[in-house]
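The values are calculated or read from the model by the stated rules, or taken from the named source; none is laboratory data. Source: prediction; values computed, not measured. When we count neighbours, we look across all protein chains shown, and the Cβ atoms used for this are built from the backbone with ideal geometry, even at glycine. Accessible surface is based on the protein model in full, side chains and every heavy atom, while ligands, DNA and RNA are left aside. Shrake-Rupley method; radii C 1.70, N 1.55, O 1.52, S 1.80 Å.
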Amino acid sequence: MSSSAHYLNPSDAAERLGISPKALRLYEQRGLIAPVRTAAGWRTYGPAEMARAGEIAALRALGLSLAQVARVLKGDAQELAPALAAHQARLETEARRIAGTVEKVRALRTGLAGGEPLGMHELTRLTRPVAEVVAAFDLPWPWGGERFELRDVRPLNYIIGPLGSGKTRFAKAIAEHLPGGVFVGLERAVNDDDARARMETDPALKARVEQALSWLLDEGAAETPALIALLVALEADGTDIPVIDMIEQGLDQASQEALAAYLHNRRPGACPLFIMTRSSAILDLGAVGQDEAIILCPANHSPPSRVAPIPGAPGYEAVATCLAAPEVRARTEGVIAWRPQVA
């Protein structure tokens with residue numbers, strides 16, 4: 001180890017790169033990066049390791065699987081073509097949104113120069129857009145019928161809560177009242193006949209599922225009926241918004257980790273998702289982005305509410321406990337024979 005080079009520990013390296021320490025460990029496990037070891041055996045990252053990790057993080061941000069990243073790093077640039085096309089589509093969508101906002105500002109300035117009165121509500125909406133209510137309903141039991149309003153639907157919305165918190169009833173209520181909402185239950189994990197029948201009658205859906213499956217297998221997922229059925233629900237074309245019960249059901253740890261990466265790299269324009277989970281492999285609190293939202297169903301049956309993924313924020317500790325190791329959850333909830341809902 002060079003005495004003049006600056007080396008970072010995993011936590012600092014991950015923060016510098018804008019990724020989670022968990023992602024950095026995954027890069028190492030897949031042989032994409034080899035941190036330097038101190039005399040005591042601790043991992044450290046010097047300039048060369050940080051440069052390589054930065055390249056990996058950039059390729060991952062483009063939507064490449066870990067296997068595709070490995071091939072690009074070995075010189076196979078053709079893997080980049082579809083990823084760059086998808087990234088271009090996302091940028092063009094964002095450019096259109098910004099262009100629309102610029103046009104609104106231009107119109108306001110033109111009106112102001114012409115002596116027209118400035119509507120303050122228009123200015124307020126321009127600088128602080130108000131999220132419209134997309135669904136409103138009375139909460140079912142175990143709540144007392146309180147009114148719940150769903151605003152600002154993100155591309156990825158997590159529903160989480162301890163056992164007995166009512167999160168499944170809440171998820172079904174969202175599916176019932178959200179325009180286009182479709183509840184995807186646990187039966188999918190043991191019977192994929194309907195899913196395979198849908199693929200056989202819809203060649204485009206079959207192609208999307210096979211492409212997604214190939215990506216997930218590259219990430220280390222295991223092909224199972226539960227995964228196939230889940231992909232059919234996720235890749236269905238149209239206006240449906242899936243509300244998925246315990247998305248990790250029937251998936252092993254490696255498949256869950258691969259699925260989490262897939263959820264963050266879905267195709268541009270894909271429909272929003274609502275997913276119930278209690279898996280830290282699916283919901284990594286250290287890596288929640290702006291396109292994600294967490295809805296907590298508290299143990300005390302207070303109304304469900306959004307939780308910011310920031311330590312110390314209201315509800316954060318409750319979410320973290322739900323995502324803790326099985327033995328911690330069992331001790332917290334007083335469950336003697338708790339079993340994780342994975343295969």
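Couple of notes before you dig in:
- Test: L205 is of a type outside the set (V, I, T), closer than 24 Å to R60 by Cβ and either surrounded by 17 or more Cβ atoms within 10 Å (Cβ to Cβ) or out of contact with any Ser or Thr (no Cβ under 6 Å at 6 or more places or on another chain) (or both): no
- Among the residues of the stretch 304-322, just one is part of a strand (DSSP E or B) and open to solvent by 100 Å² or more (accessible area, probe 1.4 Å), namely R306.
- Summed over the stretch 275-293, residues that are over 10 Å from the mean Cα position of the chain (by Cα) and under 18 Å from V243 (Cβ atoms) total 4.
- Qualifying residue in the stretch 24-42 (condition: under 24 Å from the mean Cα position of the chain (by Cα), loosely packed, with under 13 Cβ neighbours inside 10 Å and either within 26 Å of R208 (Cα to Cα) or in contact (Cβ under 8 Å) with a residue 12 or more places away in the chain (or both)): no
- The strands (runs of 3 or more DSSP E) located wholly in the stretch 135-210 that include 1 or more residues which are of a type in the set (G, A, S) and in contact with a strand residue (DSSP E or B) (Cβ under 6 Å, 6 or more places away or on another chain) occupy 181-184.
- Among the residues of the stretch 263-304, the ones that are among the basic types (K, R) and either farther than 23 Å from K22 by Cβ or at pLDDT 90 or above (or both) come to 2 in all.
- Any hit, the stretch 86-94, residues being modelled with pLDDT of 85 or more and of a type in the set (A, V, I, L, M, F, W, C): no
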